[in-house]
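Since the structure comes first, as structure tokens, the remarks are kept for the end.
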Amino acid sequence: MTFFGWLQIALVLALVLVTAWPFGLYMARVFQGERTALSTVVRPVETFFYRAAGIKRETEQSWLTYALSMLAFNAAGFVLLYAILRLQYYLPINPQGFAGVPPDLAFNTAVSFVTNTNWQSYAGETAMSHFVQMAGFTVQNFISAATGIALALAVSRGFARSGAAALGNFWVDLVRSTLYVLLPLSIVVALMFAVLGVPQTLSGSIVVTTLEGVNQSIALGPVASQEAIKQLGTNGGGFFNVNAAHPFENPSAWSNVLSIWSMLLVSAALTFTFGRMVGNARQGYALLVVMGLYLITATAIVYWSETQGNPLLTSAGVDAAAGNLEGKELRFGHALTALYVVATTGLSCGAVNAMHDSLTPLGGLVPMFMIQLGEILPGGAGSGLYGMLVMAIVTVFVAGLMVGRTPEYLGKKIEAREMKLVMLALLVLPFTILGFTAATVMMPTALESLANTGPHGLSEILYAYSSAAGNNGSAFAGLNANTPWFNTTLGIAMLFGRFAYVIPVLAVAGAVAAKRKAVASSGTFPTDGALFIGLLAGVILILGGLQYFPALALGPIVEHFLMHSGKTF
């Protein structure tokens, strides 16, 4: 690790903070119905959509109606995308002449993009046409991210309101998230990517002559536009198979910085939005500090681990001073590779600028654990905020047990019903991740998909189901997941991780919205100070450790000790 490496990390994170604060306040104004700089241009478009769909923006919904609207909309999106994938050959803008996608892969891919996971069991440049990439994937990149933001707003209103029966209007939140937040940002970022050398064309490929005199066909396409929303919406699906490690998706250190900034912006900004909506900015700051502490600590571990090198490669004659360069792009360096690895897995993004399968065991453990913690550090667009609020509820419950008082958060008493719903949500991820992993390792046909045996093979399977259930989408790419078993079970894991988790969370929001805010007293546990920040960070770590440590001990942890003992695996 070097001073300049840490300086790069610090500057990128500082850029995120400097821009997230005003953008978060801007989003608060948008979702509270106030006028903004874009209102003159966007408001007529917004009104047109409401009239066309028969929606009254003043009409609000209960938590159940809000949830049903969200589920119905996403179900329709799944059916449409599945149909596009199956009928790809007959649709326009298919210069490569790609055939329709097989049913199991179409199911997996459609679920993947609808749930904001963007898991890819295929190579984009050799399987998906430009029409599918634009009309299918890019559209869902906007919609799935807007859905996450809308859900975060609904949960935030639950704590902001007192004695209320409604959480807002899903359709209004969805439209505003798209028109006022994601679309304007994507246009700007896409233009910036294009300026930095990312292709944006409808051409299928270009033929070039290599230095060896061989003609080579290089895939092209509308990459910059998809790259922008994949990062801003924490989607992560790459136009090319190797994602942001590809020189057309991420050509330079500057595009790498832009990618990291784009990933972190919306999730970080939503903490400021939350503080504004609940009328106490310090509440949002507290959540952001916990997110930042984990992000920086995890980055330090990955950075340290990858710069130590691999003892097995060192014994083969590789210079250890260069660190572990396997699977990395030299144009990014260890520092910004480490930050990218942690950001994309602390978020629900899943874009990669290095191959996670080639990380050292500890370097690979960190992103896997960040996903397993629920992707709340800082989490996906919207999903990170409502996931962190779930952890905040658990924290005040633990604090209440310590002092013998009824737990409160933002003036709302947390009682038995809320805690049952919270625990139901928290059990979804470990049940899905560990359950499917256990079933897979018992199936000989599933184990044939592994490129490695032993602890690293287990890590590949564990990472896959963690990524799917956590709606991340990154992978230990040594696993061939394009089989009926993996396409189906990973798709089910994605659905559980997105919808089975958020439904009880919305129920909690509906319950607390109906409660009257209690007046703070001398016995009220403050949730905006250092004590709460430390307790929240500890609860997150302890919960994650209790749930996943045994599985991690059999995978990356034992692999670490094997590596340092000089054994292969």
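Read-outs throughout are calculated quantities, based only on the coordinates presented, and are distinct from any laboratory measurement. This structure is a prediction, so every number in the text was calculated from the model and none was measured. Please note: Cβ atoms are built from the backbone with ideal geometry, for glycine as well, and neighbour counts cover all protein chains shown.
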(request) Among ILE492, ILE260, rank each residue by its count of other Cβ atoms within 10 Å, from fewest to most, as a rough exposure measure. (result) ILE492, ILE260
(message) At 30 angstrom or more along the helix axis (alpha-carbon based) and mean Kyte-Doolittle of 0.5 or higher, what helices does the chain contain? Whole DSSP H runs only.
(response) 3-31, 63-86, 139-160, 253-277, 281-307, 383-403, 416-441, 530-552
(request) For the chain, just the Cα atoms, rotate onto the principal axes and tell me the three extents in Å, largest first. (result) 74, 56, 47
(message) Calculate the FRET efficiency for ARG43 and LEU211 from the Cβ-Cβ distance with a Förster distance of 51 Å, rounded to the nearest 0.05.
(response) 0.40
(message) Could you check the spin-label model distance between VAL195 and MET402? Points 7 Å from the Cα along Cα→Cβ, value in nm.
(response) 4.9
(request) Compute the separation of the alpha-carbon centres of region 13-42 and region 373-390 and state it in Å as a whole number. (result) 20
(message) Between region 143-172 and region 341-361, what is the separation of their alpha carbon centroids in Å?
(response) 30
(message) If R₀ is 35 angstrom, what is the calculated FRET efficiency for the pair PHE561 and MET443, using the beta carbon separation as r and rounding to 0.05?
(response) 0.80
(request) Compute the separation of the alpha-carbon centres of region 410-488 and region 277-308 and state it in Å as a whole number. (result) 24
(request) Report the net charge of residues surrounding VAL223, where surrounding means a beta-carbon distance below 15 angstrom and charges are Lys +1, Arg +1, Asp -1, Glu -1. (result) -2
(request) Arrange VAL390, VAL42 by Cβ neighbour counts within 10 Å, fewest through most, would you? (result) VAL42, VAL390
(request) May I have the pair-distance distribution P(r) for region 283-564, computed from all Cα-Cα distances with 10 Å bins from 0 and rounded to whole percent? (result) 6, 28, 32, 21, 10, 3, 0
(request) Starting with the fewest neighbours, write out TYR386, TYR285, TYR66 ranked by other beta-carbon atoms found within 10 Å of each beta-carbon. (result) TYR285, TYR66, TYR386
